[in-house]
Amino acid sequence: MKDYSGQHKKAWEYDAYGFWIRTVGTPSERAREDVKNPVKMLKRYASYFDRYKGVRIANICGSCGKKAVPLALLGAEVTVFDISEDNRRYACETAEAAGVNINFEVCDILKIDMSKYGGYFDVVFMEGGVLHYFHDINEFMKIMNLLLKSGGKMICSDFHPFTKIMDSLKLGQPVMSYFSTEIFEGEMAHARFYDEDVRRQMPKCMYRKYTISEIINSILQNGFELKQFDEYPAWENEKLPGEFTAVAVKKG
């Protein structure tokens with residue numbers, strides 16, 4: 001296991017279950033929202049799926065199941081890969097309350113069991129800021145490719161590289177040169193929601209942020225054909241870039 005993986009696990013298991021209950025509701029409350037309108041809960045990501053029923057989806061760093069449960073409600077076979085046991089607990093309790101099954105593998109993404117999952121999935125899907133947790137983007141993209149069947153689709157949505165030079169998403173992350181390759185220590189995603197005394201005690205993560213060219217080239221150089229690259233505005237300022245979604249297909 002990468003040395004930084006253990007550090008990330010500590011960060012993402014620090015009060016994570018309690019955090020989800022406080023911010024998105026109990027599993028039962030969240031499940032009711034998911035059941036009411038699963039497509040709405042997928043937000044704009046719904047437009048990137050051709051279909052759902054019977055589709056095998058790997059939800060990478062799927063966190064508390066906020067997208068996995070709606071996908072399962074729509075008929076997909078969903079496996080979440082995530083490093084946090086707290087996230088697994090919340091996601092599986094939500095799925096049970098919603099009346100669906102999801103598979104949840106608590107693991108280092110770079111150590112997924114390929115004897116079990118290699119070439120298994122029709123779609124790999126990630127959103128909400130994933131890439132900066134991995135210090136070698138090519139290693140990460142190789143894993144994504146190995147998970148997919150020939151012709152399978154990767155939907156990779158993430159924070160826009162512009163956030164390297166301006167905190168346009170108000171995440172409290174340090175800014176740096178756009179072309180920096182630095183690995184730096186920073187707060188985990190939810191730290192800003194805690195009081196300062198708690199915030200100081202929370203485990204940190206080790207991040208590596210990428211440029212647009214690094215992301216696109218890693219997709220192209222690791223067995224994918226890039227089909228689409230969309231950019232989206234920041235949540236609170238539509239004049240600034242905030243997120244992107246890359247869609248790519250595994251070459252036969």
Using 7 Å Cα-to-Cβ label points, what is the S180/T26 separation (nm, one decimal)? 4.3
Anyone know which of E127, E182, E238 comes out most mobile in the 10 Å Cα GNM of the chain? E238
Gained length - K170 relative to V249, 0.36 nm times residue gap less alpha-carbon distance: 25.2 nm
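Relative contact order (percent) for region 3-250, with alpha-carbon contacts under 8 angstrom and 6 or more residues of separation?
Details: 486 pairs, mean separation 45.7, N = 248.
Relative contact order here is 18 percent.
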Amide H of V80 versus every other amide H placed in the peptide plane: which residues, excluding those fewer than 5 positions away on the same chain, fall under 5 Å? N59, N103, F104, E105
Residue-normalised 222 nm signal for the chain, counting each DSSP H run of n ≥ 4 as -39,500 (n - 2.57), nearest 500 deg cm²/dmol, is -9000 deg cm²/dmol
Give, as a single signed number, the net charge of other residues whose beta carbon lies under 13 Å from the beta carbon of Y194, with Lys and Arg counted +1 and Asp and Glu -1. -1
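Determine, for K36, K164, the number of other Cβ atoms within 10 Å of each Cβ, and report the residues in order from fewest to most.
On the way: K36 10, K164 21.
Ranking K36, K164 by Cβ neighbours within 10 Å, fewest first, gives K36, K164.
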Once you've got the GNM for the chain with C-alpha springs shorter than 10 Å, pick whichever of K40, K149, K204 has the biggest mean-square fluctuation. K40
Taking the structure as given and computing mean projected area of the Cα convex hull in nm², which label from (i) 14.2; (ii) 12.7; (iii) 19.7 fits? (ii)
Fewest-first ranking of R32, R56, R88, using other Cβ atoms within 10 Å as the exposure measure: R32, R56, R88
Ranked list, fewest to most other Cβ atoms within 10 Å of each Cβ, for T245, T26, T163: T26, T245, T163
Expected vector for region 77-82, Karplus 3J(HN,Hα) from phi with 6.51, -1.76, 1.60 and θ = phi - 60°, integer Hz, x for Gly and Pro, equals 9, 10, 10, 8, 10, 7
With springs connecting C-alpha atoms under 10 Å apart, model the chain as a Gaussian network and identify which of A95, A46, A58 has the largest mean-square fluctuation. A46
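Throughout, read-outs are computed from the coordinates displayed, never taken from laboratory work. These numbers were taken from a predicted model, which means no experiment stands behind them. All Cβ positions, glycine included, derive from the backbone under ideal geometry; neighbour counts span all protein chains shown.
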